[in-house]
Amino acid sequence: MSRDPSEGMIDVPVRRLPWPGAQASDVEPLVTGEWLLANGLGGYAGGSISGVITRRYHGLLVAALGTGRTIMFTHVWERLRLPDRTVVVLSDEENADGPLALQGARYLTEFRLELGLPVWRYDIHGFILEKRIVLVQRQNTVHVGYRLLAGEGSVRLTLRPSVHFRLHHVPVNAPLPGSFPITAVEDRLEIGAGPDLPPLRLRLHGVPSAFTLDGKVTRNVLYRIERARGYEHTGELWSPGYFRLDLHAGAAATLIGSTERWEVIRSLDPEGAAHAERERRLRLLSAAPPQARSGPAAELVLAADQFIVTPPGRVEEMARARAAGEEARSVIAGYHWFTDWGRDTMISLDGLLLQTGRAREAEWVLHTFAQYVRDGLIPNLFPEGDDHGLYHTADATLWFFHAIDRYLSATDDRLTRRLLMPRLRDIVAHHLAGTHFGIGVDARDGLLRQGAPGYPLTWMDAKVGDWVVTPRRGKAVEINALWYNALRLLEAWENEEGDAGAAKELARHADRARAAFNERFWYAEGGYCYDVVDGEAGDDPACRPNQIVALSLRHPVLDVARWKPMLDVVTARLLTPVGLRSLAPDHPDYKSRYDGDLRARDAAYHQGTVWAWLIGPFVDAWLRLYPDDRAGARRFLEGFVPHLGEACFGSISEVFDAVGPFTPRGCVAQAWSVAEVLRAWLATAPADTGRRSR
């Protein structure tokens, strides 16, 4: 950390990866370590620390367009010529035909995140070169900046940009178009990307430079992580030519790539863009509670910002929000491939927005999803490039109640509650009467059932072809815990709104559901809860983390006498340093590692694989049972601190292997992982730090 003098008590978070340059014996940390920036629209920039492209999703500008996120600017090849004519290559692509040769690793002395922004420093025979990357917020614009900090004489820097215009989820072997129209006017370069895409606009800002038109196709580019995940993993990149410029000590130049109009691009020079982004990030930290302005919490506050987006392309949604004097907001579930998901958004809302001082945006998120309630359900997800949600989920709508509860606890915003009440009443009515996908209350016991052929409706939703890996059709433990919680919440809100009759009817349903839950879900032989009752194969005694929700919510459905036995079992069999296993190791379906091709990964996704987000409900349950043991609860979070320096630096991965060394897997940055670790971190802060209450 370093203190920013303009911001009083804010310590600027700096995460460093010192690098021994030519003395390094293993370059893998540079290839497996990643960085990520987001632009607030769903677009992003990201890659390996080495600069080698290892994923189909890597790029310097993955633009958020109405048709979907599109890789517009993939890579830049960097070469430095010293005064003695020595030539040094700092970044290159990995070629499938030969061994990996990271030439730039010999000269790298440090990679770091400053305020979450990536910085590389190179020492090339006494010439100290620093590279920084900035995304302009609410724009599809990237600035790749270079500054020579020290060295006698001038050096010649050559930059060759590469592109492969494609939707970010399209396989890397998709063919390049037959031609790329190029237009050059003064210092501006435009590359045509086809009839459905804006052109990529490139400009070199700073010192005098020249561009040489020299089209080149690089073949057999290897995407090593795609290979490991069983996807197409070799493809082509095309470059229009190269920029060349001379730098002396103190001089700087920035390569700008954008899909915005030229007047937008030129309205903010690189120095102004970097200053604006730095100031924006400092304001994020200053808006957070004091205990979140330093240490790991500060890093997580900045990581949280990456997931909060203005949804691109959803024009009607934006128009409705602005007509009401608001803005549309949603939450990207994870980078690189997820869009905004209802369940993930509602679970993440507290940690991402309420715990970071962004309650106004939390309100906008709630209103955004309220507009999409259909037949008592909120969307499970919005597909890439589509403004119509998919509704195949049994729990997202119930997490909506939980998110509203957390929002009201933080703000006491009774107007928002009153505006949402018609939607909430409609949701409960549809659940009582029955709605799509077999979601509805069983009149025999008052429990909520769900299930439809071919649809995994809970958060354990892996599916390969027609194979639903964990179908969980029937009455799932966390669904019924959430249902009971929703009934009790709405009961209280109806009482506060003055409708005692409605509140009494909700209380009747809640009482019945609670009695049936404790009668049906307690697995006495194991001392914990069944995962599903009345399932396709009867009652399922698999020991899973879903039961923790029966204790973690505001209104726990589980009888008090069963809290400790259940929590003891979860602690002993499911807890790891980075979250909870999704299945106990003694189960015949347990998988200890999450790797291989898609089928192998999905077979393990919820069959042992550790999920970071579950540590939030676990800490809630622990503090409910041991309210004075914040220090003990904090120990459950300590494993995430070193993780901030692996995988995606400064963020938290989606999942981990179920056994040591608990290798991070899945999305390199996951919204509910960051949100729940941050929320739990603040909940376990010492009592004298002004901890924000739930």
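The values are calculated or read from the model by the stated rules, or taken from the named source; none is laboratory data. This structure is a prediction, so every number in the text was calculated from the model and none was measured. Glycine gets a Cβ as well: all are built from the backbone with ideal geometry, and neighbour counts include every protein chain shown.
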**Request:** Among residues belonging to region 93-110 that are in a strand (DSSP E or B) and farther than 11 Å from R16 by Cα, point out the one that is modelled with the highest pLDDT.
**Result:** L108
**Asked** For the subset of region 25-39 comprising residues that are in a strand (DSSP E or B) and either of a type outside the set (D, E) or in contact with a helix residue (DSSP H, G or I) (Cβ under 9 Å, 6 or more places away or on another chain) (or both), which member is nearest to V52 (Cα to Cα)?
**Response** W35
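Okay, residues lined up against (1) over 24 Å from A669 (Cβ atoms); (2) surrounded by fewer than 22 Cβ atoms within 10 Å (Cβ to Cβ); (3) in contact with a Cys (Cβ under 6 Å, 6 or more places away or on another chain); (4) free of Cβ contacts under 8 Å to residues at least 40 places away in the same chain:
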| site | (1), (2), (3), (4) |
| --- | --- |
| S582 | no, no, no, no |
| P585 | yes, yes, no, no |
| L614 | no, no, no, no |
| P617 | no, no, no, no |
| A621 | yes, no, no, no |
| R624 | yes, yes, no, no |
| G632 | yes, yes, no, yes |
| E638 | no, yes, no, no |
| E646 | no, yes, no, no |
**Asked** So which residues in region 360-398 are closer than 19 Å to A476 by Cα, among the small types (G, A, S) and either over 18 Å from the mean Cα position of the chain (by Cα) or not in a helix (DSSP H, G or I) (or both), if there are any at all?
**Response** G376, A394
**Message:** What's the total number of residues in region 328-359 that are under 24 Å from L390 (Cβ atoms) and not in a helix (DSSP H, G or I)?
**Reply:** 14
**Request:** Name the residue, out of L90, L113, that is assigned to a strand (DSSP E or B), within 25 Å of V221 (Cα to Cα), out of contact with any Ser or Thr (no Cβ under 8 Å at 6 or more places or on another chain) and assigned by TED's automatic domain parsing to the domain that holds V221.
**Result:** L90
**Complete:** Screening V207, V264, V217 for residues that are in the same structural domain as A38 (by TED's automatic domain parsing), farther than 23 Å from Y44 by Cβ and not in a strand (DSSP E or B) leaves only V207
**Asked** If you check R56 against the conditions, is it part of a loop (DSSP other than H, G, I, E, B), within 20 Å of the chain's Cα centre (by Cα) and buried (at least 24 other Cβ atoms within 10 Å of the Cβ)?
**Response** yes
**Asked** Could you give every pair whose Cβ atoms fall below 6 Å, whose first residue belongs to region 209-220 and is of a type in the set (A, V, I, L, M), and whose second residue is in a strand (DSSP E or B) and surrounded by 13 or more Cβ atoms within 10 Å (Cβ to Cβ), counting only separations of at least 6 or pairs across chains?
**Response** A210/R244; L213/G241; V217/E236; V217/W238
**Request:** Go through region 293-327 and give me each residue that's in a helix (DSSP H, G or I) and hydrophobic (A, V, I, L, M, F, W, C).
**Result:** A297, A298, L300, V301, L302, A303, A304, V315, M318, A319, A321, A323
